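To keep things clear, I will list the structure first and then write my remarks on it.
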């Protein structure tokens, strides 16, 4: 087992472009850490620096207490699983899994024993004599995992290993990989652009944006207490609703204006808003599930539906809030008890305690998150 410590790491290319900008990240022994972010944010570059496939411009990478910043990939005692699987097409499954042990000059009998054990664990016993071209996508991914596991490395590094699979198989394989990692207890650094994948697999998730670490936290904390607007918008599906608004004073407290309605700000936000003056521009974040359909008398706001996604157990309704001069887009989750059609007016009650407030100028979150942090 091993800890991975990334300290002040910078990656700058000869043309002056900085893909990673002084990033600090610690992965605990046995932890499943997921790097997530949009395309081009630097997550794969960071992973490649940890495994030694990219040089580090500045900073350091430490694995199991040993500085490996300038060490060759083969001396870092890590196993990499690639998006493309990188299997040898002329070798059968047995030889593909055992090849790293052959390179390490492990005795044949031990290779056979370890390959058999890995095949049992991954359900590959029936295909050991097949070549990669004779396997399904899920089987190829298991072979790639088996080749990593058989080495018994101190850490796994995985670069979007599920991106070539269809949607149903992705769901199955992410559950299998997460379960396998828990069973093995091996420190894992996993890259994906899919925030659902990140949230369902990681012990903690590191959100990257343009080479900067925006926030590293548990999936629940990222969702309930995003550090800033970028994290709030990136994490969550459907995405959070973000409404530009202004602070007002009324009824002895603080309110925000939303679609012509004055909405009370709950206690956990008031201390953070104390230094902000009336009429200060802020951004109000509301998760789609923080709305509920009600009778007109109990409504906080009214939405005009423009598009309805039928998802079986629920509906996701897209539209705009009546009375909002900016006509900002709004998305809500509704139970199947409420089935609007495009053009309908939908009275909604907003759960005030679930609002998230952000500074419009800096993007940082103001006051507590949904979890009170």
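The values are calculated or read from the model by the stated rules, or taken from the named source; none is laboratory data. Predicted model, so just to flag it, every value in this text is computed and none were measured. Positions of Cβ are backbone-derived with ideal geometry, glycine not excepted, and every protein chain shown enters the neighbour counts.
Can you pull out the residues in the range 84-99 that are within 31 Å of the chain's Cα centre (by Cα) and surrounded by fewer than 17 Cβ atoms within 10 Å (Cβ to Cβ)? Step through it out loud before you land on a result.
Kept after step one, since they are within 31 Å of the chain's Cα centre (by Cα), are these residues of the range 84-99: 84-88, 96-97.
If the condition is that a residue be within 31 Å of the chain's Cα centre (by Cα) and surrounded by fewer than 17 Cβ atoms within 10 Å (Cβ to Cβ), then 84, 86, 88 are the ones that fit.
Within the range 1-22, restricting attention to residues that are within 21 Å of the chain's Cα centre (by Cα) and over 16 Å from residue 68 (Cβ atoms), the residue that is surrounded by the most Cβ atoms within 10 Å (Cβ to Cβ) is 20.
For (1) free of Cβ contacts under 8 Å to residues at least 24 places away in the same chain; (2) assigned by TED's automatic domain parsing to the domain that holds residue 148; (3) in a loop (DSSP other than H, G, I, E, B), each residue gets a yes or a no:
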{"position": "79", "(1), (2), (3)": "no, yes, no"}
{"position": "85", "(1), (2), (3)": "no, yes, yes"}
{"position": "96", "(1), (2), (3)": "no, yes, no"}
{"position": "100", "(1), (2), (3)": "no, yes, no"}
{"position": "106", "(1), (2), (3)": "yes, yes, yes"}
{"position": "111", "(1), (2), (3)": "yes, yes, no"}
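Within the range 227-249, being touching a residue at least 60 places away in the same chain (Cβ under 8 Å) and assigned to a loop (DSSP other than H, G, I, E, B) holds for 227, 238, 239, 240. Taking the criterion of being touching a strand residue (DSSP E or B) at 6+ places or on another chain (Cβ under 9 Å) and assigned to a loop (DSSP other than H, G, I, E, B), the residues of the range 153-186 that qualify are 153, 154, 160, 161, 162, 163, 186.
Checking the stated criteria, residue 189 turns out to be touching a helix residue (DSSP H, G or I) at 6+ places or on another chain (Cβ under 8 Å), at pLDDT 95 or above, part of a strand (DSSP E or B) and under 14 Å from residue 26 (Cβ atoms). Somewhere in the range 49-65, is a residue on the phi < 0 side of the Ramachandran plot, part of a strand (DSSP E or B) and touching a helix residue (DSSP H, G or I) at 6+ places or on another chain (Cβ under 8 Å)? The answer is yes, given that some residue of the range 49-65 is on the phi < 0 side of the Ramachandran plot, part of a strand (DSSP E or B) and touching a helix residue (DSSP H, G or I) at 6+ places or on another chain (Cβ under 8 Å).
Is there a residue in the range 203-226 that is assigned to a helix (DSSP H, G or I) and crowded, with 23+ Cβ neighbours inside 10 Å? Steps first, answer last, please.
Residues of the range 203-226 that are assigned to a helix (DSSP H, G or I), as a first pass: 219-224.
After this cut, where a residue has to be crowded, with 23+ Cβ neighbours inside 10 Å as well, the list is 222.
The answer is yes, given that some residue of the range 203-226 is assigned to a helix (DSSP H, G or I) and crowded, with 23+ Cβ neighbours inside 10 Å.
Within the range 329-343, the set of residues being crowded, with 16+ Cβ neighbours inside 10 Å and either closer than 19 Å to residue 233 by Cβ or touching a helix residue (DSSP H, G or I) at 6+ places or on another chain (Cβ under 7 Å) (or both) comprises 330, 331, 332, 333.
What residue, among those in the range 129-151 that are more than 20 Å from residue 104 (Cβ to Cβ) and not in a helix (DSSP H, G or I), is farthest from the chain's Cα centre (by Cα)? Explain how you work it out, then say what you get.
Going residue by residue through the range 129-151, those that are more than 20 Å from residue 104 (Cβ to Cβ) are 129-142.
Right, trim to not in a helix (DSSP H, G or I) and you get 129-131, 135-136.
On the way: 129: 37, 130: 35, 131: 33, 135: 29, 136: 26 Å.
Taking the candidates together, the pick is 129.
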